[in-house]
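Participant: I am attaching a structure below and will ask some questions about it afterwards.
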Amino acid sequence: MIDIKPRRSVLYLPAANVRAIEKARTLACDAVILDLEDAVAPEMKAEARRQAVTAVRDGGFGRRELVIRINGQDTPWYEEDLAAVRSARPDAVLLPKVNGPGDIAACARGLDGDTPVWAMIETARCLFQLEAIAATAQTDRLTCFIMGTNDLVKELRATFLSGRANILSFLMTAVAAARAHGIAVVDGVYNAFEDDEGFLAECHQGASMGFDGKTLIHPRQIDPCNQAFSPTEQELAWARKIVAAFADPGNANSGAIRIDGKMVELLHLAQARYTIALAEATKSADPVAPAVPG
Ligand code: COA
Ligand code: MG
């Protein structure tokens with residue numbers, strides 16, 4: 001059985017917002033990011049840090065991964081944020097504005113423990129270092145890339161385009177770097193949280209590109225996101241058909257077989273097993289998910 005930690009829906013909230021923290025304990029997201037950075041005004045940084053530590057210590061988030069996004073390494077809040085993470089011990093720390101592998105190494109050293117590091121991929125400089133940054137999975141406990149599309153668009157002096165043609169190459173390069181080093185990779189946020197149609201289209205686009213999930217800013221984005229990043233019943237039925245066909249003794253020595261008029265190879269068997277494992281993992285993660293058909 002393949003062991004998968006679902007990261008379909010990763011919800012940000014400003015750590016100074018106690019009401020949002022309380023609500024997050026009841027929401028069907030796979031992970032929660034307590035933000036100390038962009039969503040928190042300078043005069044609220046200390047309060048947000050205190051609330052984040054309290055939230056982690058109090059717990060109550062169940063199966064949801066709990067992550068603290070700290071302020072960047074060149075800000076006056078970084079050292080105190082790191083100290084807070086060291087004492088709170090969340091499931092991971094999210095480091096913003098990562099430019100190269102050295103930033104991950106410095107953060108991991110500063111944590112002085114075994115807390116995994118997630119990296120915000122959001123600067124122009126990091127594009128040219130994506131593979132080296134992902135490679136710190138082997139040396140510095142990096143386990144996930146989070147695309148910071150708002151900062152990226154700002155840095156590039158680009159604009160928001162429906163369909164994101166202007167940043168697709170950046171996004172796909174990040175997915176490839178993450179896959180090359182076996183880490184998770186989660187798409188950027190969709191700011192217009194009342195635009196359900198546009199949001200869903202971007203979820204499906206992200207899923208088709210290989211992202212494990214999407215970062216979210218509002219509770220109403222959770223259910224459609226979970227659905228978009230879970231296998232459909234049709235995909236699952238096809239996966240089961242492939243597994244059954246290769247289990248047939250008549251196909252024991254075949255690398256490529258025919259199912260419903262399509263060529264299916266052993267690589268598709270591996271893919272099918274992943275689909276089934278993901279469906280199982282998301283079923284147990286999501287209390288409202290429909291039962292996985294047998
Ligand atoms: N996490 C948890 N709960 C949230 C939430 C979030 N990100 N965003 C809103 N909620 C809650 C509200 O507290 C409210 O709860 P209640 O009615 O039970 O009290 C409910 O959802 C409805 O919220 P709504 O009134 O529609 O939103 P808002 O106008 O209060 O807030 C935002 C809108 C965008 C300011 C808010 O959603 C937010 O802060 N999002 C996250 C921003 C962030 O972290 N950005 C950093 C990364 S890009
Ligand atoms: Mg940012």
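The values are calculated or read from the model by the stated rules, or taken from the named source; none is laboratory data. Keep in mind the model is a prediction, meaning the values are calculated, not measured. Counting neighbours? That spans all protein chains shown, and the Cβs are built from the backbone with ideal geometry, glycine included.
Participant: Given the condition of a type outside the set (S, T, Y), within 16 Å of ligand 1 (Cβ to nearest atom) and part of a loop (DSSP other than H, G, I, E, B), answer yes or no: does some residue in region 220-241 qualify? Full working, then the answer.
Facilitator: Looking only at region 220-241, we keep the residues that are of a type outside the set (S, T, Y), and these are 220-229, 231, 233-241.
Imposing the further condition that a residue be within 16 Å of ligand 1 (Cβ to nearest atom) reduces the set to 220-226.
Add one more test, that the residue is part of a loop (DSSP other than H, G, I, E, B), and what stays is none.
Checked against the condition, which is being of a type outside the set (S, T, Y), within 16 Å of ligand 1 (Cβ to nearest atom) and part of a loop (DSSP other than H, G, I, E, B), region 220-241 yields no hits at all.
Participant: Further, regarding this structure: Could you run through region 2-36 and say how many residues are buried (at least 20 other Cβ atoms within 10 Å of the Cβ) and either hydroxyl-bearing (S, T, Y) or touching a Gly at 6+ places or on another chain (Cβ under 7 Å) (or both)?
Facilitator: Matching residues across region 2-36 total 6.
Participant: Could you please find all residues in region 96-150 being among the hydroxyl-bearing types (S, T, Y) and within 16 Å of ligand 1 (Cβ to nearest atom)?
Facilitator: Pass one, region 96-150, residues among the hydroxyl-bearing types (S, T, Y): 115, 123, 136, 139, 143, 149.
Correct list: T123, T149.
Participant: Identify, by number, the condition in (1) modelled with pLDDT of 95 or more; (2) more than 16 Å from ligand 2 (Cβ to nearest atom); (3) not aromatic (F, W, Y) that V189 doesn't meet.
Facilitator: Tallying (1) modelled with pLDDT of 95 or more; (2) more than 16 Å from ligand 2 (Cβ to nearest atom); (3) not aromatic (F, W, Y), V189 fails exactly one: (2).
Participant: Something else: Give me a count of the residues in region 178-208 that are in a helix (DSSP H, G or I) and crowded, with 21+ Cβ neighbours inside 10 Å. Explain how you work it out, then say what you get.
Facilitator: Going through region 178-208, the residues in a helix (DSSP H, G or I) turn out to be 178-180, 196-208.
Now narrow it down to the ones that are crowded, with 21+ Cβ neighbours inside 10 Å: 178, 199, 202-203, 206.
Going through region 178-208 one residue at a time, the tally reaches 5.
Participant: Oh, and also: Any idea which residue in region 37-51 is farthest from R64 (Cα to Cα), counting only those that are more than 12 Å from ligand 1 (Cβ to nearest atom) and either surrounded by 21 or more Cβ atoms within 10 Å (Cβ to Cβ) or polar (S, T, N, Q) (or both)?
Facilitator: R49
Participant: Let me ask something additional. Can you find a residue in region 207-214 that is within 16 Å of ligand 2 (Cβ to nearest atom) and under 28 Å from A24 (Cβ atoms)?
Facilitator: Going residue by residue through region 207-214, those that are within 16 Å of ligand 2 (Cβ to nearest atom) are 214.
Add one more test, that the residue is under 28 Å from A24 (Cβ atoms), and what stays is 214.
Yes: region 207-214 contains one or more residues that are within 16 Å of ligand 2 (Cβ to nearest atom) and under 28 Å from A24 (Cβ atoms).
Participant: Return the pair list, or none, for Cβ contacts closer than 7 Å from residues in region 18-29 that are over 18 Å from C225 (Cα atoms) to residues that are of a type in the set (S, T, N, Q), at least 6 apart or on different chains.
Facilitator: The qualifying pairs are V18/Q51; I21/Q51.
Participant: Name the one entry in K214, K154 that is basic (K, R), part of a helix (DSSP H, G or I) and either loosely packed, with under 13 Cβ neighbours inside 10 Å or modelled with pLDDT of 95 or more (or both). Outline the logic, then answer.
Facilitator: Working: K214 fails: part of a helix (DSSP H, G or I).
Sole residue among the options that is basic (K, R), part of a helix (DSSP H, G or I) and either loosely packed, with under 13 Cβ neighbours inside 10 Å or modelled with pLDDT of 95 or more (or both): K154.
Participant: Mind checking which residues of region 17-31 are more than 8 Å from ligand 1 (Cβ to nearest atom) and among the aliphatic types (A, V, I, L, M)? First the steps, then the outcome.
Facilitator: At the first step, the residues of region 17-31 found to be more than 8 Å from ligand 1 (Cβ to nearest atom) are 18, 22, 25-26, 28-31.
If the condition is that a residue be more than 8 Å from ligand 1 (Cβ to nearest atom) and among the aliphatic types (A, V, I, L, M), then V18, A28, A31 are the ones that fit.
Participant: A follow-up question, please. So which of D74, D35, D30 is within 20 Å of A184 (Cβ to Cβ), within 15 Å of ligand 2 (Cβ to nearest atom) and among the charged types (D, E, K, R)?
Facilitator: Values: D74 fails: within 20 Å of A184 (Cβ to Cβ); D30 fails: within 15 Å of ligand 2 (Cβ to nearest atom).
Going through D74, D35, D30 in turn, just one is within 20 Å of A184 (Cβ to Cβ), within 15 Å of ligand 2 (Cβ to nearest atom) and among the charged types (D, E, K, R): D35.
Participant: Based on what the data block shows, is R240 modelled with pLDDT of 95 or more and either within 23 Å of E197 (Cβ to Cβ) or touching a strand residue (DSSP E or B) at 6+ places or on another chain (Cβ under 9 Å) (or both)?
Facilitator: no
Participant: Quick check on this structure: which one of V93, V153 is within 16 Å of ligand 1 (Cβ to nearest atom), of a type in the set (V, I, T) and in contact with a Ser or Thr (Cβ under 6 Å, 6 or more places away or on another chain)? First the steps, then the outcome.
Facilitator: Numbers: V153 fails: in contact with a Ser or Thr (Cβ under 6 Å, 6 or more places away or on another chain).
The conditions single out V93.
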